[in-house]
Amino acid sequence: MKQKTRVKYLLRFLSLAVVLGIAGPGLGPVQARPALVFEAKSGKVLIAEDAGKPWYPASLTKLLTAYIVFDEIRRGRLSYASRVKISRNAARQPPSKLGIKAGRSLSVEMALTALLVRSTNDIAVALAEKVSGSVAAFARRMNATARKLGMQGSHFANPHGLYHKDQWTTARDLGLLARALLRDHPRSRRFFSRKSFTWGKRKLRNRNRLLTRLKGANGMKTGYICESGFNLVASATRKGRSLIAVVMGAPSGGYRFDLAANLLEQGFATRAGAKRLRLAAIRDLTGQKPPSLRPQLCEGVKVARITKPGNLQGWGVLFGIFKSKKRARHALNVNLAGLRGAVRGAQAAVLDGKGGTAHAAVMAGLKLKQVMSVCGWLSKRGNRCITLNPAELKNPRALWR
């Protein structure tokens, strides 16, 4: 599947999945997802979809943690050489973590590197305790800083972004935070743009794949918990023009990066006229609770079980035919990830054509009504989708083979 077509589907997936009416046995509704692109310097909004909708920030929370630490450095209360001690509380945080034993320490420089490159939860807590003495006190500092930055739809309860019922934000607010980081603390760029760092014998790579995939990409932060889905704040600069994209609630890590990349490409192709809405003018939808994607992403049945081609039954969907088995498997995984939360309990396989020169990516185990719903959804997004009846699915001489 071509990337342009795939992202055309993704953009619609963000906001219209419920409207498209995917229903029936094994199919369920999908939440609308926020997305945002704006100019870093002017704050002019180029693309906005549900940008004021409350959402769980996950590890994007660490952007605010870093902002506060950079503030402390600017005010002379900390230096990059200052030592950060790992408490028992910090050491027992769940992954992602650097894994330093309680009682040991590291520099603020290394702590910020681990926080922003590897998204380490133990270091987030250690920095919070270094700045404010406790996580609770640091959370109060976070909320005061958020109010100062105009983040009207945000509330924070911890420095790392692990699930807490009283922690939420919006794409708008994260945009304000990202813009403030680059404006108030320009030296922070070197942390966001770092592709990897070495800790002991380990080489730890940045979780932001756009740094190596998108022209001009130079930051900022990924995030994921079951409740939020896959989040990302991404920045890129081309010919002196810097854009920031915010993506929240993507169904998979790969879709998150693909969507952000294509939103940024669309942003660079768009001129910011004088009448463009400013970021701060977007209204946060206060008083609402953020939706939880946990039932869809972490508790539901898988979209499809990978099986042997001979085991496929019922009606099927052909996602495409490819010259290599590797590309067919990739297309299969991409399509299944996009249907996460909408399809459950199906089958999936890569079928080899005659002579092994063609490979088909197929989802099956469906009823006719389900197949029509899925194909109708995908075709409206510009995606290729061919229905296969039970006889065609089993026929080794079928034309699609």
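The values are calculated or read from the model by the stated rules, or taken from the named source; none is laboratory data. All values derive from a computational prediction rather than experimental measurement. Note that we place each Cβ from the backbone using ideal geometry, even for glycine, and neighbour counts take in every protein chain shown.
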- Task: Can you confirm whether segment 138-149 contains a residue that is at pLDDT 95 or above, surrounded by fewer than 23 Cβ atoms within 10 Å (Cβ to Cβ) and under 18 Å from Val246 (Cα atoms)?
- Result: yes
- Scanning for something modelled with pLDDT of 95 or more, crowded, with 22+ Cβ neighbours inside 10 Å and outside any strand (DSSP E or B), does segment 239-259 turn up at least one residue? no
- Name the helices (runs of 4 or more DSSP H) wholly inside segment 45-117 in which the number of residues that are β-branched (Val, Ile, Thr), under 25 Å from the mean Cα position of the chain (by Cα) and in the same structural domain as Arg241 (by TED's automatic domain parsing) is 3 or more. 61-74
- Could you check how many residues of segment 262-301 are among the small types (Gly, Ala, Ser), closer than 19 Å to Ala51 by Cβ and surrounded by 13 or more Cβ atoms within 10 Å (Cβ to Cβ)? 3
- Query: Scanning segment 260-272 for residues that are part of a loop (DSSP other than H, G, I, E, B) and touching a residue at least 60 places away in the same chain (Cβ under 8 Å), which turns out nearest to the chain's Cα centre (by Cα)?
  - Reply: Thr270
- Taking Gly161 as the residue in question, decide whether it is within 28 Å of Leu46 (Cβ to Cβ), outside any helix (DSSP H, G or I) and modelled with pLDDT of 95 or more. yes
- Might you check whether a residue that is free of Cβ contacts under 8 Å to residues at least 24 places away in the same chain, in a loop (DSSP other than H, G, I, E, B) and within 19 Å of the chain's Cα centre (by Cα) occurs anywhere in segment 201-214? no
- Query: For segment 283-401, which strands (runs of 3 or more DSSP E) that fit wholly inside it have 1 or more residues that are within 30 Å of Tyr163 (Cβ to Cβ) and modelled with pLDDT of 85 or more?
  - Reply: 346-352
- Message: Can you find a residue that is touching a Pro at 6+ places or on another chain (Cβ under 9 Å) and of a type in the set (Asp, Glu) anywhere in segment 208-231?
- Response: yes
- Does Leu182 count as under 20 Å from the mean Cα position of the chain (by Cα), modelled with pLDDT of 95 or more and within 27 Å of Lys41 (Cβ to Cβ)? no
- Of everything in segment 273-282 that's touching a Leu at 6+ places or on another chain (Cβ under 8 Å) and part of a helix (DSSP H, G or I), which residue is farthest from Thr237 (Cα to Cα)? Ala280
- Message: Go through segment 215-229 and report how many residues are assigned to a loop (DSSP other than H, G, I, E, B) and either touching a residue at least 60 places away in the same chain (Cβ under 8 Å) or not assigned by TED's automatic domain parsing to the domain that holds His164 (or both).
- Response: 3
